[in-house]
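The values are calculated or read from the model by the stated rules, or taken from the named source; none is laboratory data. From a predicted model like this one, the values you see are computed outputs, not experimental measurements. Here the Cβ positions follow ideal geometry from the backbone for every residue, glycine too, while neighbour counts run over all protein chains shown. Remember, those area values only see protein heavy atoms, side chains included, never the ligands or the DNA or RNA. Shrake-Rupley method; radii C 1.70, N 1.55, O 1.52, S 1.80 Å.
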Amino acid sequence: MSPPDQMPETGPSQFVIAIDGPAASGKSSTSQWVAQRLGIRHVDSGALYRAATAAALRVEPDADRWTPEGVLAAASSIQLVPTDRTFAALLDGQDCDEELRSTAVTSQVSRVARMQPVREWVNARVREAAREHAVVVDGRDIGTAVFPDAALKIFLVADPWERAKRRLVQRLERLPSDGEVAEETERLVQRDAKDSQQTVQAADAVLIDSTYLTQAEQVDRIESLARAVSRNTDGSSEVDGGGWKRYF
Ligand code: DC
């Protein structure tokens, strides 16, 4: 296994919208939709943790034997590549989205996300992507650890029962029974507990509780906030001293 790439320097970023929140709060799909409306790109930071986990599983199936150094070495097979409206985390040059969403990866990804060197590696990849493009980045700590100067920070929450129900409707393509929702809620609450250390709401984040909102309403709200922020920051940069462009 070869060592990971050198960490890039973190230079000034383009326009960044940070969307954080717990598992299954709809961050990724909402971020994708917002990015599409604004004509900018989406970065799913969770996909990088998943890709690092998948890469580690390929090298060493016994997760108890993983070390941060071993996971980082395995992660050298990952590239974050811009596509039409997003960035794809490729493993050995291949799009492996199904593998990244597999139960094997989902059950071990929190362990990898708690490894500080892996967090630094992910943060460097995400910052690199934002140097070239205006982006919507979703994750857990984007507005605090990765882009504390993001132009707009959203913290997206929803009641666990509602999150579980939405996830099941998407997976089963039918209305789930209360028993099914209860079991999924239990799993989600356990995942939230495992990720709680990394899931941080920035003091200057706008809290959106989507329990009683449709996804279109969430997207409308974030799009309006983004356009307001873009107008208000035009010409007066707090990021790089050069003045933010009007992006949309
Ligand atoms: O959002 P997700 O389920 O794809 O995230 C996968 C894992 O990565 C989950 O354990 C939380 C973690 N994660 C993190 O710790 N920090 C981020 N910025 C994004 C995800």
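Which of the numbered conditions does A89 fail, given that it passes all the others? Conditions: (1) modelled with pLDDT of 95 or more; (2) within 20 Å of D62 (Cα to Cα).
Just one mismatch for A89, condition (2).
Checking the structure you have, find out if any residue of region 212-219 is part of a helix (DSSP H, G or I) and at pLDDT below 95.
Restricting attention to region 212-219, the residues satisfying the condition of being part of a helix (DSSP H, G or I) are 215-219.
Keeping just the survivors that are at pLDDT below 95 gives 215.
Yes.
Starting from region 189-200, take each residue that is under 15 Å from V157 (Cα atoms) and list its partners that are within 7 Å of the ligand (Cβ to nearest atom) and among the hydroxyl-bearing types (S, T, Y), counting only C-beta distances under 6 angstrom and pairs at least six apart or across chains.
Close Cβ pairs satisfying both conditions: D195/S110.
Could you check region 35-45 and list, in sequence order, the residues that are under 20 Å from Q198 (Cα atoms) and open to solvent by less than 20 Å² (accessible area, probe 1.4 Å)?
Selection gives V43, S45.
Given the conditions (1) in a helix (DSSP H, G or I); (2) open to solvent by 40 Å² or more (accessible area, probe 1.4 Å); (3) over 28 Å from Q201 (Cα atoms), and given that Q79 satisfies all but one, which numbered condition is not satisfied?
Every listed condition holds for Q79 apart from (1).
Open to solvent by less than 10 Å² (accessible area, probe 1.4 Å) and in contact (Cβ under 8 Å) with a residue 24 or more places away in the chain: does that describe L48?
Details: open to solvent by less than 10 Å² (accessible area, probe 1.4 Å): yes; in contact (Cβ under 8 Å) with a residue 24 or more places away in the chain: yes.
So L48 passes the test.
Please state which of the following conditions D138 fails to meet, knowing it meets all the rest: (1) away from the ligand (no atom under 13 Å from the Cβ); (2) closer than 16 Å to V16 by Cβ; (3) touching a helix residue (DSSP H, G or I) at 6+ places or on another chain (Cβ under 7 Å).
Failing condition for D138: (1).
Suppose we keep only residues that are assigned to a helix (DSSP H, G or I) and open to solvent by 10 Å² or more (accessible area, probe 1.4 Å) within region 21-34. Which one would you say is farthest from the ligand (Cβ to nearest atom)?
W33
Go through (1) closer than 23 Å to A113 by Cβ; (2) open to solvent by 70 Å² or more (accessible area, probe 1.4 Å) for V200 and report which single condition fails.
(2)
For region 92-128, give me each residue that is farther than 19 Å from R58 by Cα, within 13 Å of the ligand (Cβ to nearest atom) and open to solvent by 10 Å² or more (accessible area, probe 1.4 Å).
Passing the criteria: R114, Q116, R119, E120, N123, R125, R127.
Residues of region 35-54 being more than 8 Å from the ligand (Cβ to nearest atom) and either under 20 Å from Q218 (Cα atoms) or modelled with pLDDT under 95 (or both), which ones?
A35, Q36, R37, L38, G39, I40, R41, H42, V43, listed by residue number.
I'd like to know if region 152-161 contains one or more residues that are within 12 Å of the chain's Cα centre (by Cα), assigned to a loop (DSSP other than H, G, I, E, B), modelled with pLDDT of 95 or more and of a type outside the set (S, T, Y).
No.
Restricting attention to region 185-235, which residues are over 17 Å from A150 (Cβ atoms) and of a type in the set (A, V, I, L, M, F, W, C)?
Scanning region 185-235 gives L188, V189, A193, L213, A216, V219.
Would you mind stating whether D84 is within 16 Å of the ligand (Cβ to nearest atom) and open to solvent by 50 Å² or more (accessible area, probe 1.4 Å)?
no
Among the residues of region 91-98, is there at least one that is touching a residue at least 60 places away in the same chain (Cβ under 8 Å) and in a helix (DSSP H, G or I)?
Scanning region 91-98, I find no residue that is touching a residue at least 60 places away in the same chain (Cβ under 8 Å) and in a helix (DSSP H, G or I), so the answer is no.
Looking at E128, E184, can you tell me which residue is free of Cβ contacts under 8 Å to residues at least 40 places away in the same chain and touching a Pro at 6+ places or on another chain (Cβ under 9 Å)?
The conditions single out E184.
So T144 clears everything in (1) farther than 27 Å from A113 by Cα; (2) modelled with pLDDT of 95 or more; (3) assigned to a helix (DSSP H, G or I) except one condition, right? Which one?
Unmet for T144, out of (1) farther than 27 Å from A113 by Cα; (2) modelled with pLDDT of 95 or more; (3) assigned to a helix (DSSP H, G or I): (1).
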